[in-house]
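K.L.:
Sending over a structure as structure tokens; questions will come in a sec.
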Amino acid sequence: MLKTTFVFLLMICGLLLFSDTIYARTIKKRKIKRQFKHSLIMRDHFTGFALYDLDDQKMIYELNADKYFIPASNTKLFTFYTCLKMLGDSIPALRYELRNDSLVFWGTGDPSFLHSDLKGTKGLDFLAQSNKKLYYAATGYKNNFFGAGWAWDDYNDYYQAEITGFPIEDNVALLYADGNGNLQVKPSYLKRFLNRDTSYHPDRFRVRRDFLSNNFAYPVMPVPPNFRQEIPWKTSVELTLDLLQDTLKKPVCPINMPLSASAKTIYNTSSRVVYKRMLQPSDNFIAEQLLLTCSSVKFNSLNTDSVISYSKIHFLNDLPDEPQWVDGSGLSRLNLFTPRSIIALLQKIKEQVNNDSLLYSMLPAGGATGTLKNAYKTDNGQVFVWAKTGSLSNNYNQSGYLVTRKGKRLAFSFMNNNFTRPVKEIRDEMVRIMTYIHEEF
């Protein structure tokens, strides 16, 4: 009788504890729902939100979480996860094969090759130190110079560098004023393409490149002392050869040769360093080139579409909603993901990295680094949100991880599409809501 009573009491306690858990979760859901319901800003456009408890493995709250949104640079989270699954500790710089007195090499899409920030030089050093005749085989690249759905009229803007099998120095020209007030360009090889245009009359000093060539036109007006502008150059095999020869100070010849099955690999930069550079400032160029690098490793070719298809079939086939994914960076408005699928992706990323501190160090940190440095305030010096931002005209999103004051670890995806307000108003309201969750839960 006593034993039966004890078991009964345990069952009652269990039910009460379960009921308390359900009740607490319901209260949390109501509190968050109230934040959206009473927000005038979040009610005048298409908003999606999903908040997931990583410790309890339960969804806390969803708002349009099963609807598709344009993710913008949240797309880089898909690129990041694919790279984690397909690349090793270092990024391959180039493939090569020695043939008698010749060294034939192929590009891997490596974005770090002489990159302005990453400064990958191991591939260059290998070519420079070789006593062989150098031959560049520009075979294997299967895509266009722009991704699917990119805005072609953004070609002159720094964030839309062309995609190529052998990128050099970000595929972007840096134009700047020297100490004497003269216009200069880096790499210096491009100086031959600078032309003063008397018919070009911008409202301020700006340089404009022709869409189909590397003619850089500038107006007849003084160069401002602190002038600085980055413009993607028009890629071509010929320009790649010219830049390599100008840098190496020795001939590099073109050759039409498919990648050899016996080709060896030279590795360049630490993968983690490259991922951090892609995620924190949201570098479109690196994201696009990394997918080509994945293709080089897996398929011995350079094809973005093949990598995306492979990733969807082998790594992302269990997401709640199939992603419509077309590029590496999120520049395309053809990309469409749901908030609940991004939550599932964030869980996969967390499991793959398997180290919270390492994962957080690569993402923008609210109040501290990257694209969230000026968005959030820290909590007495402590960062509590690490997330990838994503912005296009009329779209702004954040997806990532949050730790509450009570130590709860959460994943969230907060997406805003088709608004006409200034993006700052949207961002500030998102920060208010996420800060509320941090403080209250």
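K.L.:
Could you compute the FRET efficiency for Val237 and Asp117, with r as their C-beta to C-beta distance and R0 at 35 Å, rounded to 0.05?
P.N.:
Values: r = 26 Å, r/R0 = 0.73.
That gives a FRET efficiency of 0.85.
K.L.:
Hey, another quick one. Solvent-accessible area of Ser199, probe 1.4 Å, all protein chains present, reported in Å² to the nearest ten, please.
P.N.:
90 Å²
K.L.:
Sticking with this one: Over 44 Å apart: what share of the alpha carbon pairs of the chain falls there, rounded to a whole percent? Can you show the working numbers first?
P.N.:
Details: 20528 of 97020 pairs.
For the chain, the share of Cα pairs beyond 44 Å comes to 21 percent.
K.L.:
Scan the chain and report its longest stretch carrying no trypsin sites (Lys or Arg not before Pro) that are both in a DSSP loop and have at most 10 other Cβ atoms within 10 Å.
P.N.:
Working: sites that count: Arg43, Arg204, Lys249, Lys406.
Counting only loop sites that pass the neighbour cut-off, the longest clear stretch is 44-203.
K.L.:
What do the square roots of 5 times the Cα gyration tensor eigenvalues come to for segment 121-189, in whole Å, largest first, as semi-axes of the equivalent ellipsoid? Display every interim value, and only then the final one.
P.N.:
Numbers: eigenvalues 140, 113, 13 Å².
They are 26, 24, 8 Å, listed largest first.
K.L.:
Would you give the gap between the C-alpha center of segment 262-300 and the C-alpha center of segment 370-431, rounded to a whole Å?
P.N.:
26 Å
K.L.:
Now for a different question. Between Tyr189 and Glu322, what's the calculated FRET efficiency when r is the beta-carbon distance and R0 is 56 Å? Round to 0.05. Don't skip to the answer; put the middle values down first.
P.N.:
Numbers: r = 45 Å, r/R0 = 0.80.
Computed FRET efficiency for Tyr189 and Glu322: 0.80.
K.L.:
Quick one: what do you get for segment 179-243 if you divide its Cα Rg by 2.2 N^0.38 Å? Mind showing how you got there, number by number?
P.N.:
On the way: Rg = 12.4 Å, N = 65, 2.2 N^0.38 = 10.7 Å.
Expressed relative to 2.2 N^0.38 Å, the Cα Rg reads 1.15.
K.L.:
Provide the net charge surrounding Val185, with neighbours chosen by a C-beta distance below 10 Å and charges set as Lys +1, Arg +1, Asp -1, Glu -1.
P.N.:
Details: positive: Lys186, Lys191, Arg192; negative: none.
Neighbourhood net charge equals +3.
K.L.:
Something else about it: Tell me which residues come under 5 Å, amide H to amide H, from Ala138 once H is placed; ignore anything under 5 positions away on its chain.
P.N.:
Those qualifying (amide H under 5 Å, at least 5 residues apart or on another chain) are Ile255, Met257.
K.L.:
Okay, next question. In the neighborhood of Gln398, defined by Cβ-to-Cβ distances under 13 Å, what is the net charge if each Lys or Arg adds +1 and each Asp or Glu adds -1?
P.N.:
Values: positive: Lys76, Lys388, Arg427, Arg432; negative: Asp428, Glu429.
Summing Lys and Arg as +1 and Asp and Glu as -1 gives +2.
K.L.:
Hey, what's the chain come to in accessible area per residue, 1.4 Å probe, Å²? Don't jump to the answer; show the numbers that get you there.
P.N.:
On the way: 20720 Å² over 441 residues.
Dividing the accessible area of the chain by its residue count gives 47 Å².
K.L.:
Using only the Cα atoms of segment 234-378, what semi-axes does the equivalent ellipsoid have when each is the square root of 5 times a gyration tensor eigenvalue? Give whole Å, largest first. Walk me through the numbers on the way to the answer.
P.N.:
Values: eigenvalues 206, 91, 47 Å².
Those come to 32, 21, 15 Å.
K.L.:
Ok, one more. Using 0.36 nm times the number of residues separating Ile255 and Thr378, minus their current alpha carbon distance, what extension gain do you get? Write out the running numbers ahead of the final one.
P.N.:
Numbers: separation 123, 0.36 × 123 = 44.28 nm, distance 5.48 nm.
Extra length from Ile255 to Thr378 when fully extended: 38.8 nm.
K.L.:
In addition: Measure out, as a whole number of angstrom, how far apart the alpha-carbon centroids of segment 72-117 and segment 150-221 sit.
P.N.:
Their Cα centres are 26 Å away from one another.
K.L.:
How fast does segment 361-418 diffuse by Stokes-Einstein, in µm²/s, taking the Kirkwood radius from C-alpha pairs at 10 °C and 1.306 mPa s?
P.N.:
Numbers: Rh = 11.8 Å.
Calculated translational D: 135 µm²/s.
K.L.:
Still on this structure: Working out 0.36 nm times the residue gap between Glu425 and Asn64, then minus their Cα-Cα distance, what length gain in nm do you get to one decimal? Mind showing how you got there, number by number?
P.N.:
Numbers: separation 361, 0.36 × 361 = 129.96 nm, distance 2.07 nm.
That works out to 127.9 nm of additional length.
K.L.:
Under the 0.36 nm per residue contour assumption, what length would be gained going from the current alpha-carbon distance of His201 and Tyr158 to full extension?
P.N.:
13.4 nm
K.L.:
Within segment 151-192, list the chymotrypsin sites (Phe, Trp or Tyr not before Pro) lying in a DSSP loop whose Cβ has at most 16 other Cβ atoms in a 10 Å radius. Working shown, then result.
P.N.:
Details: sites: Trp152, Tyr155, Tyr158, Tyr159, Tyr176, Tyr189; in loops: Tyr155, Tyr158, Tyr159.
Sparse-neighbourhood loop chymotrypsin sites (Phe, Trp or Tyr not before Pro): Tyr158, Tyr159.
K.L.:
Now for a separate question. At R0 = 35 Å, how high is the FRET efficiency between Gln57 and Arg405 if r is their beta carbon distance? Nearest 0.05 is fine.
P.N.:
Working: r = 21 Å, r/R0 = 0.60.
Result of the calculation: an efficiency of 0.95.
K.L.:
If Lys and Arg each add +1 and Asp and Glu each add -1, what is the summed charge of the other residues whose beta carbon sits under 13 Å from the beta carbon of Ser332?
P.N.:
Working: positive: Lys76, Arg333; negative: Asp154, Glu288, Asp305, Asp327.
For residues surrounding Ser332, the net value is -2.
K.L.:
Please state the relative contact order of the chain as a whole percent: Cα pairs under 8 Å, 6+ residues apart?
P.N.:
Normalised by residue count, the contact order of the chain is 23 percent.
K.L.:
Counting helices only, and only those DSSP H runs with n ≥ 4, report the 222 nm mean residue ellipticity of the chain as the sum of -39,500 (n - 2.57) divided by its residues, in deg cm²/dmol to the nearest 500. Could the numbers behind the result be given before it?
P.N.:
Numbers: 10 runs with 144 residues, N = 441.
The helix contribution divided over the chain gives -10500 deg cm²/dmol.
The values are calculated or read from the model by the stated rules, or taken from the named source; none is laboratory data. Keep in mind that what you see is a predicted model, and the values were worked out from it rather than measured. So basically every Cβ, Gly included, is an ideal-geometry build from the backbone, and we count neighbours across all protein chains shown. All accessible areas refer to the heavy atoms of the entire protein, side chains included, with ligands and DNA or RNA removed. Shrake-Rupley method; radii C 1.70, N 1.55, O 1.52, S 1.80 Å.
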